[in-house]
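Reading through the structure tokens given below for one structure.
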Ligand SMILES: Nc1ncnc2c1ncn2[C@@H]1O[C@H](COP(=O)(O)OP(=O)(O)O)[C@@H](O)[C@H]1O
Ligand SMILES: [Mg+2]
């Protein structure tokens with residue numbers, strides 16, 4: 001058998017490094033993964049994001065070779081790898097529970113796979129030293145896992161995963177075992193290491209902040225399907241459906257229909273107000289749609305909105321509604337207001353507390369105007 005690193009030829013730059021083609025995994029009558037297709041470029045950190053049970057791990061396990069697809073293709077550098085056993089693939093997977101060997105030192109944990117491959121001793125020593133350097137754990141080489149912090153253990157696991165120089169690194173909820181503060185630090189640390197090594201990476205997470213922080217692109221999954229693929233900002237600013245809009249961050253959704261459909265603008269009528277949208281949409285007059293506006297894109301004030309404050313005069317009378325502050329949450333850096341609009345809908349408005357007393361004058365029971373810009377409205381047709 002060829003050495004794993006020789007199985008795969010060097011990819012050309014224009015073909016995606018990893019190509020997943022209509023991959024399906026069925027358990028009994030459940031489609032855990034349902035016709036997923038996606039491309040990952042060399043050097044990318046691609047995040048599969050979705051809630052528990054949506055099929056993320058199953059997809060990752062098929063890439064690793066621990067699960068056989070029901071149908072579909074997985075091409076790595078142009079070669080179909082579906083028929084290859086896990087150890088024949090130039091791929092390494094790091095699990096949520098790092099599964100470090102408790103009785104082995106950090107050094108031996110990192111060297112484990114190299115030893116199993118009978119790597120010559122001198123080469124192995126050099127490789128482990130490189131890995132210790134990479135994850136900045138040189139002084140800890142002789143320690144056992146239980147003598148390390150959670151973040152350090154996580155870095156040992158990463159070093160072990162990278163020691164054999166895989167071409168594709170798979171991370172399943174890599175920071176799941178760490179507490180919130182440490183997670184944030186470690187996210188950036190992980191990105192630094194992955195980029196330094198230049199390894200292509202597919203990671204799985206249910207944490208949208210983690211995906212946004214770490215990934216070059218994100219695939220949002222639900223019920224075995226990928227709903228949208230894009231850079232973090234694309235997915236946040238222009239979600240393609242209600243599920244994605246709601247799953248990533250917080251959003252206000254208004255149900256309505258298209259009243260005016262022009263190439264450069266549309267008007268959507270909803271129970272709360274008329275929305276002027278300063279771009280065309282793929283839709284037709286009369287069509288049922290949802291309007292999505294992010295809480296931080298909304299302004300809130302007790303005084304009327306001046307025409308001169310609007311993005312354009314075309315928006316005067318649109319994109320605004322009156323209501324009463326029903327609840328507010330002061331979070332230090334920002335305040336979230338829950339405003340019950342006169343039509344009955346409750347919207348969330350966040351206000352950044354850039355100046356210390358900027359929002360101090362607003363409180364419970366205040367009657368306010370909430371308004372937003374036509375360029376910040378996203379129209380969702382599904
Ligand atoms: N070995 C298995 N046998 C049967 N059903 C499975 C198996 N593995 C996963 N599933 C099911 O497939 C679906 C997706 O699971 P999984 O990929 O683990 O989701 P996620 O990682 O997104 O939480 C779930 O409904 C799960 O119960
Ligand atoms: Mg999982």
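The values are calculated or read from the model by the stated rules, or taken from the named source; none is laboratory data. Just so we're clear, the structure is a prediction, and the values are computed from it rather than from any experiment. Here the Cβ is made from the backbone with ideal geometry for all residues, glycine too, and neighbour counts use every protein chain on show.
Run down 40, 33, 24 and say which single residue is assigned by TED's automatic domain parsing to the domain that holds residue 208, closer than 28 Å to residue 208 by Cα, within 16 Å of ligand 2 (Cβ to nearest atom) and touching a residue at least 40 places away in the same chain (Cβ under 8 Å). Just a single option satisfies the conditions, and that option is 33. In the stretch 243-255, of all residues being touching a residue at least 24 places away in the same chain (Cβ under 8 Å) and either out of contact with any strand residue (DSSP E or B) (no Cβ under 6 Å at 6 or more places or on another chain) or assigned to a loop (DSSP other than H, G, I, E, B) (or both), the one that is nearest to ligand 2 (Cβ to nearest atom) corresponds to 247.
Considering each of 335, 369 in turn, give the residue that is more than 27 Å from the chain's Cα centre (by Cα), surrounded by 14 or more Cβ atoms within 10 Å (Cβ to Cβ) and assigned to a strand (DSSP E or B). Result: 369 is the single residue among 335, 369 that is more than 27 Å from the chain's Cα centre (by Cα), surrounded by 14 or more Cβ atoms within 10 Å (Cβ to Cβ) and assigned to a strand (DSSP E or B).
The combined condition, being within 16 Å of ligand 2 (Cβ to nearest atom) and either over 17 Å from the mean Cα position of the chain (by Cα) or without any contact (Cβ under 8 Å) to a residue 60 or more places away in the chain (or both), is fulfilled by residue 177.
Condition check: surrounded by 18 or more Cβ atoms within 10 Å (Cβ to Cβ) and either more than 16 Å from ligand 1 (Cβ to nearest atom) or assigned by TED's automatic domain parsing to the domain that holds residue 47 (or both). Does residue 187 satisfy that? When the stated conditions are applied, residue 187 passes them.
Is there a residue being without any contact (Cβ under 8 Å) to a residue 60 or more places away in the chain and under 30 Å from residue 312 (Cβ atoms) anywhere in the stretch 211-230?
Yes: the stretch 211-230 contains one or more residues that are without any contact (Cβ under 8 Å) to a residue 60 or more places away in the chain and under 30 Å from residue 312 (Cβ atoms).
Go through the stretch 194-242 and give me each residue that's closer than 28 Å to residue 376 by Cβ, assigned to a loop (DSSP other than H, G, I, E, B) and more than 16 Å from ligand 2 (Cβ to nearest atom). The answer is 215, 216, 231, 238, 239, 240, 241. The residue that is farthest from the chain's Cα centre (by Cα), counting only those in the stretch 232-268 that are farther than 28 Å from residue 214 by Cα and surrounded by 16 or more Cβ atoms within 10 Å (Cβ to Cβ), is 261. Whether any residue in the stretch 36-48 is more than 16 Å from ligand 1 (Cβ to nearest atom), more than 26 Å from the chain's Cα centre (by Cα) and loosely packed, with under 14 Cβ neighbours inside 10 Å is what I want to check. No, there is no match, as no residue in the stretch 36-48 is more than 16 Å from ligand 1 (Cβ to nearest atom), more than 26 Å from the chain's Cα centre (by Cα) and loosely packed, with under 14 Cβ neighbours inside 10 Å. Taken over the stretch 190-225, the criterion of being touching a strand residue (DSSP E or B) at 6+ places or on another chain (Cβ under 9 Å), over 17 Å from residue 236 (Cβ atoms) and more than 14 Å from ligand 1 (Cβ to nearest atom) is satisfied by 190, 191, 194, 195, 197, 199, 200, 201. With respect to (1) surrounded by 15 or more Cβ atoms within 10 Å (Cβ to Cβ); (2) touching a helix residue (DSSP H, G or I) at 6+ places or on another chain (Cβ under 8 Å), the lone exception for residue 62 is condition (2).
So residue 66 fits all but one of (1) away from ligand 2 (no atom under 16 Å from the Cβ); (2) over 19 Å from the mean Cα position of the chain (by Cα); what number is the exception? Of everything listed in (1) away from ligand 2 (no atom under 16 Å from the Cβ); (2) over 19 Å from the mean Cα position of the chain (by Cα), residue 66 misses just condition (1). Test residue 226 against the criterion of being under 30 Å from residue 189 (Cα atoms), at pLDDT 95 or above, buried (at least 22 other Cβ atoms within 10 Å of the Cβ) and in contact with a helix residue (DSSP H, G or I) (Cβ under 6 Å, 6 or more places away or on another chain), and give yes or no. For residue 226, the condition - under 30 Å from residue 189 (Cα atoms), at pLDDT 95 or above, buried (at least 22 other Cβ atoms within 10 Å of the Cβ) and in contact with a helix residue (DSSP H, G or I) (Cβ under 6 Å, 6 or more places away or on another chain) - is not met. One residue alone among 130, 185 is more than 20 Å from residue 45 (Cα to Cα) and out of contact with any helix residue (DSSP H, G or I) (no Cβ under 6 Å at 6 or more places or on another chain), and that residue is 130. Considering only the stretch 141-174, state which residues are in contact (Cβ under 8 Å) with a residue 60 or more places away in the chain, away from ligand 1 (no atom under 16 Å from the Cβ) and either closer than 26 Å to residue 39 by Cα or surrounded by fewer than 18 Cβ atoms within 10 Å (Cβ to Cβ) (or both). Scanning the stretch 141-174 gives 158, 161, 162, 164, 165, 166, 167, 168, 169.
Scanning the stretch 311-330 for residues that are touching a strand residue (DSSP E or B) at 6+ places or on another chain (Cβ under 8 Å) and part of a loop (DSSP other than H, G, I, E, B) yields 317, 318, 319. Contact map, the stretch 44-66: first residue more than 24 Å from residue 87 (Cβ to Cβ), second residue within 8 Å of ligand 1 (Cβ to nearest atom) and assigned to a loop (DSSP other than H, G, I, E, B), Cβ cut-off under 7 Å, separation 6 or more or different chains; pairs are 50/206; 51/206; 52/206; 54/224; 55/224.
Give the residues of the stretch 89-129 that are within 27 Å of residue 176 (Cβ to Cβ) and assigned to a helix (DSSP H, G or I), sorted by residue number. 106, 107, 108, 109, 110, 111, 112, 113, 114, 116, 128, listed by residue number.
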